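Novice: The following block contains the structure, expressed as structure tokens.
We did not get these values from a lab; they are worked out from the coordinates using the rules stated. In this text, all values refer to a predicted model and were calculated from it rather than measured experimentally. FYI the Cβ positions are ideal-geometry reconstructions off the backbone, even for glycines, and counts take in every protein chain you see.
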Amino acid sequence: MLGNYFEFERHRTSLKIETVAGVTTFLTMAYIIFVNPNILSDAGMDKNALIAVTCIVSAISTIAAGVFGNAPIAMAPGMGLNSFFAYSLVVKEQIAWQTALGAVFISGLFFLILTMIGLRKKLVEAIPPGLISAIAVGIGLFIAFIGLGNLGLVLRDEKTLFTLGDLGKTTVWIGLLGLVVMIVLGALRVTGSLLIGIFFATMVGALFGHVARPAGWVSLDWPVGKLALHLDVVGAMKISLWGSIFTLMFIDLFDSIGTLVACCEKAGMRDERGQIRALDRLLGIDAVATMVGALLGTSTTTSYVESAAGIEQGGRTGLTSLVTGILFLVAMLFMPVIAIVPSYATAPALIVVGYFMMKEARKINFRKADELIPSLVIVVMISVSYQISMGLALGFVSYAVLKIVLGRYKDVHGAMWVIAALSLLFLSLKLLPVLTERVHTPL
């Protein structure tokens, strides 16, 4: 029955191969169960509820991709997107997490509309590849800084922006030890290297008395109600949040397109016309998953590049995703154990993920000033300002300005002018309150 539904014979696979592939994908991305709650809890959200919600959303979206898209693609709350949610929207801009969830829901709705009318692909084609790579590098550096901060190795400083943390803390060295484990195992191509590193750092922390004992091993108490249906969609419709909604949609746009194209290509999912089978359907599932995730109480859900690990093991059909999704549901049973994992144990995973994203720098054309300068603006402003939206907006506007100054405005795609105009509007909305305050302030 499973063989007929997922077309094993056509894809030259079997139940055993698909099962092993599904387990492999789960092991490579299970770190999100620990990392996502640690990041979003900094926004004032309940950590135990976040663990359950992360597992549920990852399971639902991944199973949907498998059953309805028949693709070995896994989905979960996206790295970078959760950081933008917690640190840019909630902490930096002082937006309530309920309102931020509303913004995520609206971005998912727009995402779905863009997919249905076919504009999603056109937007991707409008932005130069170099700038897309710069976005990945900037977010990677942003995530790495967060990881270094959670580890206690790098701290914010008013005078120098950043300063070295307290190296006398045992937890800093435990986290660094976990980082070494992740790097070594990753170099040896050990499956689940990030997950193993997190467990290793947690166990060492427990030996030194820095980790509390779990209340139990297994639990059926999943406090999803503390987050589910608490989103504030009306509050998120303010004009001041349009830029943030655009940023959420924009980041997910390139995350999902890039991941799906790369992974589906690796899985041999192109049809006789050279088109990736079910790509629009998978993009639609991605958008709906974001909306469902916001309803349940987590940041934007996106396709995971770790799906490539399962594909490498032979996964070719949706059964791979079905197995991965079921394992996320099983993980919920061990919530008391997951809850005790400290932030310094998950911090190394953020650093490693950031590193992998920063490798996209090699795709930036350093010989073209009109691409290099906007790319540098994006990377620097994202990581220094802790605002992904600000970095993107400044980068896109600087790109358009440089093209005009250099007389190369004909090289700019029509949709890119729209994106640059929206970015300029976003920056104007950001600066308007500051300018108004200065006008009304007596000299």
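Novice: Amide H of ASP232: which non-local residues (sequence gap of 5 or more, or other chain) have their own amide H closer than 5 Å, using H built in the peptide plane?
Specialist: Amide H to amide H, under 5 Å and 5 or more residues apart or across chains, ASP232 pairs with THR99, LEU101, GLY102.
Novice: If I stretch the segment between ALA126 and VAL330 completely, what's the gain in nm (0.36 nm per residue apart, minus their alpha carbon distance), one decimal?
Specialist: Result for the pair: 69.3 nm of gain on full extension.
Novice: Find, to one decimal place in angstroms, the Kirkwood hydrodynamic radius of the chain, where the mean of 1/r is taken over every pair of different Cα atoms and then inverted.
Specialist: 22.4 Å is the Kirkwood radius here.
Novice: Further question on the same structure: Going through the stretch 4-44, which GluC sites (Glu not before Pro) have at most 15 other Cβ atoms within 10 Å and a DSSP loop state?
Specialist: Those satisfying the criteria are GLU7.
Novice: In whole Hz, what ³J(HN,Hα) sequence does the stretch 126-131 give by Karplus (6.51, -1.76, 1.60; θ = phi - 60°), x for Gly and Pro?
Specialist: 6, 8, x, x, x, 5
Novice: What does a probe at ARG281 reach in the stretch 302-322, counting residues whose amide N is under 18 Å from the point 7 Å along Cα→Cβ?
Specialist: 303, 316-322
Novice: Could you give each residue of the stretch 70-77 its phi-based ³J(HN,Hα) in whole Hz, using Karplus coefficients 6.51, -1.76, 1.60 with θ = phi - 60°, and x for Gly or Pro?
Specialist: After applying 6.51 cos²θ - 1.76 cosθ + 1.60, I find 6, 10, x, 10, 9, 10, 6, x Hz.
Novice: Output wanted: per-residue J couplings in Hz (rounded whole) for the stretch 25-34, from phi through Karplus 6.51 cos²θ - 1.76 cosθ + 1.60, θ = phi - 60°, x for Gly and Pro.
Specialist: Karplus values, whole Hz, x for Gly and Pro: 4, 4, 4, 6, 10, 5, 4, 5, 5, 8.
Novice: With a cap of 12 neighbouring Cβ atoms within 10 Å, and only residues DSSP puts in a loop, list the trypsin sites (Lys or Arg not before Pro) found in the stretch 372-411.
Specialist: Filter output for the stretch 372-411: ARG408.
Novice: List the residues whose amide H sits under 5 Å from the amide H of ALA76, counting only those 5 or more places along or on another chain, with H placed 1.01 Å from N in the peptide plane.
Specialist: THR302, TYR304
Novice: A follow-up question, please. Based on the Cβ-Cβ distance of TRP222 and PHE68, what FRET efficiency does E = 1/(1 + (r/R0)^6) give at R0 = 35 Å, to the nearest 0.05?
Specialist: E between TRP222 and PHE68, to the nearest 0.05, is 0.90.
Novice: Cut-off 10 angstrom, C-alpha nodes, Gaussian network model of the chain. Which of THR62, THR324, THR19 fluctuates the most?
Specialist: Result for the chain, Cα springs under 10 Å: THR19 fluctuates most.
Novice: Which ordering of CYS264, CYS55 is given by a fewest-first count of other beta-carbon atoms within 10 Å?
Specialist: By the 10 Å Cβ count, ascending: CYS264, CYS55.
Novice: Moving on. Looking at the chain only, what percent of DSSP beta bridges run antiparallel? Nearest 5 please.
Specialist: 100
Novice: A further question on this structure: Whose amide H sits under 5 Å from the amide H of PHE162, counting only residues 5 or more places off or on another chain, with H placed in the peptide plane?
Specialist: ASP157
Novice: Given the pairs LYS92/LYS226; LYS363/LYS410; LYS159/LYS403; LYS92/LYS368; LYS92/LYS159, which are separated by over 25 angstrom at their Cα positions?
Specialist: LYS159/LYS403; LYS92/LYS368
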